[in-house]
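Read-outs: derived from the displayed coordinates by stated rules, not from any lab. None of these values were measured; they are calculated from a predicted model. Glycine gets a Cβ as well: all are built from the backbone with ideal geometry, and neighbour counts include every protein chain shown.
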Amino acid sequence: MEYYYKDFKNDDESWYSLDVDINSSLAPRLKVYSYRNCRCKVEIDGHPFMWASTGSDYWGTWLLTKELELDVQDMFVSPINSNDIQLVGVSDYYPFWSRHFLNELLRGDTPLVGSGKWRLVRSEPQ
C-alpha cells in the first residue's frame, strides 16, 4: 500500500486538514453507505456497526450491535496514554494527531480505509 499526505492551512496559517491519497489493492474494512433522509450506515468487516442520521438542528446516532468485545489488539485505534499526549507540543497538536490517526487506520494487514482521497479535518466544539 502506498499513501501520500499533505497539510493544508487556512489563510491565517493555522492548520486546517491533512489530505491523504491512498493507493491500495486491499479491500477496506470500513464502508459507509448513504441513504435517503440524511441517513448513513457504517459497516466494519461486512457487519453493520451503526446507523447515523443528521439534520439541520441535531446530530444523532444509533448503535445497532450489542457492546463490542474487543481486545486491545483488535481496537480500531490503539489506546492513547498520557505519555503519548505529553510528547506533543501545542503548535504540532493537530498535525501530529491527524498523522497518528491516519497511521492507526492504515495499520495491519487489512486497513480500515481503502483507496481514494481522504481528508482529516480539524474539528472544534461550537
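Summary table
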{"read-out": "Calculated FRET value between F8 and L112, using beta carbons and R₀ = 25 Å, to 0.05", "value": "0.65"}
{"read-out": "Estimated vicinal HN-Hα couplings, Hz - the range 107-116 in sequence order (Karplus 6.51, -1.76, 1.60; Gly, Pro = x)", "value": "6, x, 6, 10, x, 6, 10, x, 4, x"}
{"read-out": "Using θ = phi - 60° and Karplus 6.51 cos²θ - 1.76 cosθ + 1.60, couplings along the range 38-53 (whole Hz; Gly, Pro as x)", "value": "6, 10, 9, 10, 10, 10, 10, 6, x, 10, x, 9, 6, 10, 9, 9"}
{"read-out": "Under 5 Å, built H, 5+ apart or other chain: amide partners of Y16", "value": "F8, K9, N10"}
{"read-out": "Gain in span if fully extended, L26 to S53, counting 0.36 nm per residue against the direct Cα distance", "value": "6.8 nm"}
